[in-house]
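Q: Handing you a structure now.
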């Protein structure tokens with residue numbers, strides 16, 4: 001028999017001298033509890049999501065009438081765009097799913113904790129401080145194109161530190177799944193989300209280090225010779241790939257895992273064609289090939305027939321295979337609904353809509369990489385990133401709704417979640433789709449001024465701004481629902497629903 | 001005071017340190033491979049000129065006047081497998097519960113790491129080039145410096161494993177295996193760096 005002493009005296013003493021809050025904060029900061037580390041990642045990422053969307057609103061407003069509306073100082077625009085791009089990918093999309101995986105995966109594999117919890121904890125703090133360093137540097141005229149040399153260096157160090165944080169957390173997740181499964185649970189029996197966490201983490205572990213290697217070169221060059229990488233102006237040229245496709249595909253793998261997990265639960269059946277679903281998730285992870293080689297293969301209809309075949313083949317492997325993976329997961333989730341007796345749940349609606357948005361983003365990338373469309377350098381690419389990030393966010397909210405009973409012991413109100421899901425869908429479509437159209441009108445990327453094309457330019461940018469605004473409402477509304485559920489919701493058993 | 005039933009036994013993690021080291025090594029390998037790829041890209045983009053007799057095309061990547069000390073570089077190439085061999089000796093000894101030899105092998109692998117650092121410093125001092133002197137120099141220091149950091153990581157690993165061994169951790173088979181794995185990874189990574197940076201230049 002084990003006797004556990006709750007140290008009642010110590011606790012009351014702490015409360016008595018008013019330091020209970022400090023003790024609680026200290027426990028959160030130093031905790032190795034996987035649920036707490038996961039919640040720290042999730043909380044910080046959701047906060048970042050709101051801030052990044054606010055930035056999106058401001059950019060959209062300025063783009064409505066570039067000649068007349070001046071919100072940002074002209075010189076500050078490149079820095080703020082860098083902050084926006086970094087925020088979307090490294091402050092929202094990647095850490096959000098890492099946090100969910102850290103919180104949920106140990107519960108799914110029957111492990112008491114995540115492997116190397118201090119490494120996961122280090123991952124959170126490294127990511128957080130790295131992100132803060134990036135913010136500080138960009139605010140102080142650092143970053144790509146920045147004039148303050150020291151702050152440009154700080155930007156590079158910040159990006160590297162944030163990447164190291166994501167890597168450390170991914171290492172913990174992958175090691176947990178590979179080594180700490182309960183006895184008898186083989187890899188092919190893993191739940192769809194844990195499988196996506198494994199493939200996504202390994203893809204991250206193989207692709208992000210390439211970015212760190214590039215940062216080493218750029219940093220050493222920038223602090224010394226400034227000969228090779230174009231100084232502050234060249235940072236985007238050499239690191240820009242890490243904030244765009246196919247790198248972003250690596251970070252949405254777990255979003256599709258959420259749909260594959262939630263669909264059978266919603267349909268109340270066992271996952272049909274399970275090996276196909278797991279293969280679909282793995283196919284999305286093949287985006288690591290393009291990410292690690294820093295290449296986005298274009299279909300170029302020039303040259304000999306051999307050149308054309310080569311171009312189509314590479315395009316299909318690097319862009320088509322991830323699209324096929326997303327399609328497989330979406331179609332099998334629909335198959336679940338057809339075969340089972342589905343009940344519409346907030347988690348499923350969010351996960352399904354999120355996956356559809358991701359599908360539109362990945363399909364958009366297929367069009368973007370056809371050279372004849374001449375979309376390179378236009379806001380079309382920003383539209384793709386928005387589809388992926390906002391779609392990913394919807395999936396993350398689905399995961400939080402689905403696992404709220406396991407993480408907080410409370411159920412979130414389904415009806416309200418469905419309402420928010422629809423607002424989120426509208427927000428994503430409005431934020432991203434007008435940029436697809438504006439891309440075909442050759443509105444340049446990464447700028448808010450210097451363009452004036454024929455057509456309803458103001459309309460597209462007004463709609464996009466409105467979309468960002470709706471997405472802010474979605475995220476804030478969801479957080480409010482979650483807090484309300486934690487404070488006043490009905491307690492449920494501690495069992496994981498899947 | 002709360003009286004609770006004993007907790008269910010947690011499933012024992014299977015070879016957690018070895019798996020984590022393998023994943024970390026794969027990540028570190030990708031850092032080096034990414035840097036090598038950039039090196040090759042810049043090297044390929046370097047201007048070319050004809051030799052004075054007009055028979056050869058010379059690529060102006062490594063500036064004239066710089067000499068790579070091949071002896072030190074080759075000694076490093078040979079030293080890495082020796083470090084891996086010592087790490088494997090530690091694994092062999094650990095399997096046989098031979099604590100003295102295990103500790104000795106780990107200590108030697110640390111010293112070998114030190115020797116590699118020494119050889120790298122010798123390369124730097126013999127080349128006598130500045131970090132900001134040019135494109136080649138900047139990239140040379142970046143890639144070899146990153147490799148040097150990974151070697152320092154191996155030394156730290158050796159030292160930790162050594163102290164655990166001396167401290168009587170006789171069930172440390174996983175740590176010793178992971179240590180050997182890291183040394184094998186280093187050997188493979190340096191072989192690539194040696195060929196691209198020191199031989200092909």
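Since every read-out is calculated from the coordinates, none of them should be taken as a lab result. Every value quoted in this text rests on a predicted model; they were computed, and no experiment measured them. Reconstructed Cβ throughout: ideal geometry from the backbone, glycine too, with neighbour counts over all protein chains shown.
Q: Given a Förster distance of 60 Å, report the FRET efficiency between residue A:331 and residue B:52 from their Cβ-Cβ distance, rounded to the nearest 0.05.
A: Numbers: r = 66 Å, r/R0 = 1.10.
Between residue A:331 and residue B:52 the formula returns 0.35.
Q: Rg and Dmax of the protein assembly as shown over Cα atoms: what are they, in angstrom?
A: 26.8, 93
Q: Now a separate question. Working only with C-alpha atoms, what are the Rg and Dmax values of the range A:242-351, expressed in angstrom?
A: 16.8, 54
Q: Right, something else. Ratio to report: Rg/Rh of the range A:305-393, with Cα atoms as the point set and Rh obtained by the Kirkwood method; give two decimals.
A: Details: Rg = 15.9 Å, Rh = 14.6 Å.
Taking Rg over the Kirkwood Rh, I get 1.09.
Q: Let me ask something else. How far, in degrees from 0 to 90, does helix B:99-127 lean away from the longest principal axis of the Cα atoms of chain B, to the nearest 10?
A: That works out to roughly 20 degrees.
Q: While we're here: Shielding by partners for A:178-186, please: the mean number of other protein chain Cβ atoms within 10 Å of each residue's Cβ.
A: Working: counts 8, 10, 7, 3, 2, 3, 1, 1, 0.
For this peptide, the per-residue mean of nearby foreign Cβ atoms is 4.
Q: Over the Cα atoms of the range A:174-230, what is the Rg over Rh ratio if Rh follows Kirkwood?
A: On the way: Rg = 18.7 Å, Rh = 14.0 Å.
Radius of gyration relative to Kirkwood radius: 1.33.
Q: Of the listed peptides A:372-384, A:199-211, B:160-172, what is their order by residue-averaged count of other C-beta atoms within 10 Å, with the highest listed first? Could you put the intermediate results ahead of the total?
A: Details: A:372-384: 20.4, A:199-211: 26.7, B:160-172: 15.9.
Going by the mean number of other Cβ atoms within 10 Å, highest first, we get A:199-211, A:372-384, B:160-172.
Q: Which FRET efficiency, nearest 0.05, do residue B:97 and residue A:182 yield, Cβ-Cβ r, R0 25 Å? Could the numbers behind the result be given before it?
A: Details: r = 30 Å, r/R0 = 1.21.
Using R0 = 25 Å, I get an efficiency of 0.25.
Q: Would you mind computing the Rg to Rh ratio of the range B:18-199 from its alpha-carbon coordinates, Kirkwood style for Rh? All intermediate terms of the calculation are to be shown ahead of the outcome.
A: Values: Rg = 19.1 Å, Rh = 17.7 Å.
Here the Rg-to-Rh quotient is 1.08.
Q: Give the dimensionless ratio obtained when the Cα radius of gyration of the range B:118-199 is divided by 2.2 N^0.38 Å. Mind dumping the intermediate values first?
A: Values: Rg = 16.3 Å, N = 82, 2.2 N^0.38 = 11.7 Å.
Taking N as the residue count of the range B:118-199, the ratio is 1.39.
Q: What is the distance in Å between the Cα centres of the range A:317-360 and the range B:86-152?
A: 49 Å
Q: If you scale each eigenvalue of the Cα gyration tensor by 5 and take the root, what three semi-axes come out for the range A:425-471, rounded to whole angstrom and sorted largest first?
A: Values: eigenvalues 71, 20, 16 Å².
Working from the Cα gyration tensor, I get semi-axes of 19, 10, 9 Å.
Q: Continuing with this model, one more query. Let's test the formula: R0 of 60 Å, r as the Cβ-Cβ distance of residue B:12 and residue B:74. What FRET efficiency results, to the nearest 0.05?
A: Numbers: r = 45 Å, r/R0 = 0.75.
E between residue B:12 and residue B:74, to the nearest 0.05, is 0.85.
Q: Against the globular-protein guess of 2.2 N^0.38 Å, express the Cα radius of gyration of the range B:1-126 as a ratio, rounded to two decimals.
A: On the way: Rg = 24.3 Å, N = 126, 2.2 N^0.38 = 13.8 Å.
My calculation over the Cα atoms of the range B:1-126 gives 1.76.
Q: May I ask you to derive the relative contact order of the range A:39-114, considering only C-alpha pairs under 8 Å and at least 6 residues apart, and to give it as an integer percent?
A: Values: 44 pairs, mean separation 38.2, N = 76.
Relative CO of the range A:39-114 lands at 50 percent.
Q: Across the residues of A:101-114, average count of Cβ atoms on other protein chains within 10 Å?
A: Working: counts 0, 0, 0, 0, 0, 0, 0, 0, 1, 3, 3, 5, 2, 0.
Per-residue shielding by partner chains comes out at 1.
Q: Could you work out, residue by residue across A:226-235, how many beta carbons of other chains sit within 10 Å of that residue's beta carbon, and then give the average as an integer? Please list the in-between numbers first.
A: Values: counts 2, 8, 8, 4, 0, 0, 0, 0, 0, 0.
Shielding by partners across A:226-235 averages 2.
Q: Here's another thing I want to ask about it. One quarter of the convex hull surface, Cα atoms only: what value does that give for the range B:13-65 in nm²?
A: Answer in nm², one decimal: 5.7.
Q: Right, something else. Dividing the alpha-carbon radius of gyration of the range A:354-456 by 2.2 N^0.38 Å (N being the number of residues), what value is obtained? Present the calculation step by step, with values, prior to reporting the outcome.
A: Details: Rg = 16.9 Å, N = 103, 2.2 N^0.38 = 12.8 Å.
The reported ratio for this selection is 1.32.
Q: Would you calculate the volume per residue, in Å³, of the smallest convex hull containing every Cα atom of the range A:22-93?
A: Working: hull volume 7.9 nm³, N = 72.
Given the Cα convex hull of the range A:22-93, per-residue volume reads 109 Å³.
Q: Per-residue counts of other Cβ atoms within 10 Å, averaged by peptide: what ranking do you get for B:90-96, A:249-255, A:469-475, A:285-291, highest first? Could the numbers behind the result be given before it?
A: Details: B:90-96: 18.9, A:249-255: 31.1, A:469-475: 22.3, A:285-291: 24.7.
Highest-to-lowest ranking by the protection proxy: A:249-255, A:285-291, A:469-475, B:90-96.
Q: Quick check: Cα centre of the range B:175-201 to Cα centre of the range A:255-285, how many Å?
A: The two parts, judged by their Cα centres, are 39 Å apart.
Q: May I pose another question? Helix A:414-440 versus the longest principal axis of chain A: what is the Cα-based angle in degrees, 0 to 90, to the nearest 10?
A: Result, in degrees: 20.
Q: Just for the protein assembly as shown, what percent of DSSP beta bridges are antiparallel, to the closest 5?
A: Numbers: 8 of 9 bridges.
The answer is about 90 percent antiparallel.
Q: Here's a follow-up. Report, in degrees rounded to the nearest 10, the 0 to 90 angle that the Cα long axis of helix B:173-193 makes with the longest principal axis of chain B.
A: With both axes taken from Cα atoms, the answer is about 10 degrees.
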